Amino acid sequence: MTKPDKANTHRLSGRCFCGAVQYEVEDEFVYALNCHCSNCQRATGSAFKPFAGIERDKLRLTAGDDRLLVFGDPSGAHDKHCGQCGSLLYSLVREGAYVHVTMGTLVDTPSIRPTAHIFVGSKAKWFTVTDDLPQYDEHIPG
């Protein structure tokens, strides 16, 4: 089996609100979900966090590495924010193998779309899910 040609891989750009931190990520996301847990609500200031998961090595910072703020365990699961404007850019998860890119920080349109709502058992009471995506009280079973 041959590996895909990196030159032909479509890359997406992303950035924080103020533009101090910028990244590029391959448009090869494995999954995308809308998370309604209380931590995601607080981290984003919104009813939920749309995110897309991808292998860690497929995301590369292109500017502002020295401006990143790590929230959580620096050697384990953590969130990366812009230290200047506070934007949540991505989270390191799954024992450091994956990142969850916050889809709102993408400048370019990814080919993936969220496929479900997770942690709706703790969703904001003032928010009503109005689409037909599956909803799970916690994470997706299995």
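See the values below:
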item	result
Selection count, region 113-142, where residues are free of Cβ contacts under 8 Å to residues at least 60 places away in the same chain, of a type outside the set (D, E, K, R) and over 13 Å from residue 35 (Cα atoms)	4
Enumerated strands (runs of 3 or more DSSP E) restricted to region 1-73, each holding at least 1 residues that are modelled with pLDDT of 95 or more and of a type in the set (S, T, N, Q)	11-15, 22-26, 31-35, 59-63
Selection count, region 39-68, where residues are without any contact (Cβ under 8 Å) to a residue 40 or more places away in the chain and over 24 Å from residue 11 (Cα atoms)	4
Residue 37 vs. criteria more than 15 Å from residue 105 (Cα to Cα) and in contact with a Ser or Thr (Cβ under 6 Å, 6 or more places away or on another chain)	yes
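The values are calculated or read from the model by the stated rules, or taken from the named source; none is laboratory data. Just so it is clear, the structure is predicted and the values come from calculations on it, not from any experiment. Quick reminder, even Gly has a Cβ in these numbers, built from the backbone with ideal geometry, and neighbours come from all protein chains shown.
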